[in-house]
1. Suppose we filter segment 281-296 for residues that are surrounded by fewer than 19 Cβ atoms within 10 Å (Cβ to Cβ) and either small (Gly, Ala, Ser) or in contact (Cβ under 8 Å) with a residue 24 or more places away in the chain (or both); how many remain?
2. Please enumerate the residues belonging to segment 191-203 that are surrounded by 18 or more Cβ atoms within 10 Å (Cβ to Cβ) and either farther than 24 Å from residue 181 by Cβ or in contact with a helix residue (DSSP H, G or I) (Cβ under 9 Å, 6 or more places away or on another chain) (or both).
3. Of the conditions (1) under 16 Å from residue 44 (Cα atoms); (2) at pLDDT 85 or above; (3) surrounded by 14 or more Cβ atoms within 10 Å (Cβ to Cβ), residue 124 clears all except one; give me its number.
4. Go through segment 98-115 and report how many residues are outside any strand (DSSP E or B), more than 11 Å from residue 181 (Cα to Cα) and free of Cβ contacts under 8 Å to residues at least 40 places away in the same chain.
5. Out of all the residues in segment 164-186, which are at pLDDT below 95 and of a type in the set (Lys, Arg)?
6. Could you please tell me which pairs satisfy a Cβ distance under 9 Å, a separation of 6+ or placement on different chains, a first residue in segment 151-180 that is at positive phi, and a second residue that is at pLDDT 90 or above?
7. Across segment 76-97, what is the total count of residues that are within 21 Å of residue 182 (Cα to Cα) and either touching a Pro at 6+ places or on another chain (Cβ under 7 Å) or at pLDDT below 95 (or both)?
8. Go through segment 215-233 residue by residue and tally those that are free of Cβ contacts under 8 Å to residues at least 40 places away in the same chain and surrounded by 10 or more Cβ atoms within 10 Å (Cβ to Cβ).
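The values are calculated or read from the model by the stated rules, or taken from the named source; none is laboratory data. This one's a predicted model, so the numbers in the text were calculated from it and none came from an experiment. All Cβ positions, glycine included, derive from the backbone under ideal geometry; neighbour counts span all protein chains shown.
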Amino acid sequence: MTYAPCPTTQLWVVDIPLRVGYNNCAMWPDTLTVREKSQTERAIGALRDVPWAARLVREAAPLLQPMSQSARSQAKMGVLLETRFAYELHRTGHSVEYEYGTGVGGSTVDFHVSGPPEWLIEIVSVQASDAMRRATRTDGVFSEVLLTTDAEDPAQSEESELIRVQEKIGEKVLDSQGRPTKFPQSDGALHVILTDVRGLLCSDVDDYGEIAYGSEGLSPDKKWKIHFWNGAPIRGLFDRANPLRASELVRKRIHFLGFVQEHTYRDGEIADRARSFANPHLLPDEAERRQALTSYPLQPECRQTD
């Protein structure tokens, strides 16, 4: 199937407040579905003779072989998403490098896409937390996850899960020793961290807006959805008041935070379902944001996001 982007008028959501969204209520996040396996096999087949994707194909192929669920989780199912993302980049015909060295302490980003402008793209995969597993109740073939603000264990709350995602994103700009990693200071290239939120069950675009902007990411009619932590609204990663050490580097070095959860595993779905949030510190002008997004390698293909 050929790559056919939407008209440029249909862009990712970047306005504040945000007004478009849907719920991402999926099955248990470390379960490899038949459709996911099939689409990943399709991606591997298409990438097998692509030089820049050779390493990724070698890493991904064994993860589709029969194995225990725990082994697959430990192997990080994010590699499978990277493979499908690489396949989508390949479909567009862009010039791509995988595990691209950025000159920041010997670190790499997942993808470098040639420009102009150049894009540096890093993928974060959020799996189910231990707290979410503890909050899961099973009755026969049925199960439910109970995350409540007043839970006896604070980790078993929606608020804790949002902060956990912020921390996972932060790991992509600040290493465990407190040193900058992966993304250099921008020299004209555009930087994006795309988070796979399969482990953030039943999340929606309002949650992503809070992760990026805090309460400012919610439209006036959604203020009732604001999450509080320690008596105050959760601060977004782009907010100067965010207490996470990594947030300063996010503000200074990341142009867009993206969020995606696949459902049908088809060609074009990653671009169609992704939602992006612009950094108001690096891209303060709305026209500048939209111009940047028109150059993003994966443009929506105008398909239904069922």
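1. Step one: of segment 281-296, the residues surrounded by fewer than 19 Cβ atoms within 10 Å (Cβ to Cβ) are 281, 284-288, 290-291, 294-295.
Next cut, either small (Gly, Ala, Ser) or in contact (Cβ under 8 Å) with a residue 24 or more places away in the chain (or both) only: 281, 286-287, 290, 294-295.
Summing the residues that are surrounded by fewer than 19 Cβ atoms within 10 Å (Cβ to Cβ) and either small (Gly, Ala, Ser) or in contact (Cβ under 8 Å) with a residue 24 or more places away in the chain (or both) in segment 281-296 gives 6.
2. Kept after step one, since they are surrounded by 18 or more Cβ atoms within 10 Å (Cβ to Cβ), are these residues of segment 191-203: 191-201, 203.
The answer is 191, 193, 194, 195, 196, 197, 198, 199, 200, 201, 203.
3. Of everything listed in (1) under 16 Å from residue 44 (Cα atoms); (2) at pLDDT 85 or above; (3) surrounded by 14 or more Cβ atoms within 10 Å (Cβ to Cβ), residue 124 misses just condition (1).
4. Within segment 98-115, the subset outside any strand (DSSP E or B) is 102-107, 114-115.
Those still in the list that are more than 11 Å from residue 181 (Cα to Cα) too: 114-115.
From the residues that got through so far, the ones that are free of Cβ contacts under 8 Å to residues at least 40 places away in the same chain too are 114.
Final tally of qualifying residues: 1.
5. Of everything in segment 164-186, those that are at pLDDT below 95 and of a type in the set (Lys, Arg) turn out to be 164, 168.
6. 178/245
7. Initially, segment 76-97 is screened for residues within 21 Å of residue 182 (Cα to Cα), giving 76-83, 85-86, 89, 95-97.
Within this subset, residues satisfying the condition of being either touching a Pro at 6+ places or on another chain (Cβ under 7 Å) or at pLDDT below 95 (or both) are 76-81, 89.
Final tally of qualifying residues: 7.
8. Taking segment 215-233 as the starting set, the residues that turn out to be free of Cβ contacts under 8 Å to residues at least 40 places away in the same chain are 215, 221, 223-226, 230-233.
Next, only the ones that are surrounded by 10 or more Cβ atoms within 10 Å (Cβ to Cβ) stay: 215, 223, 225-226, 232-233.
Final tally of qualifying residues: 6.
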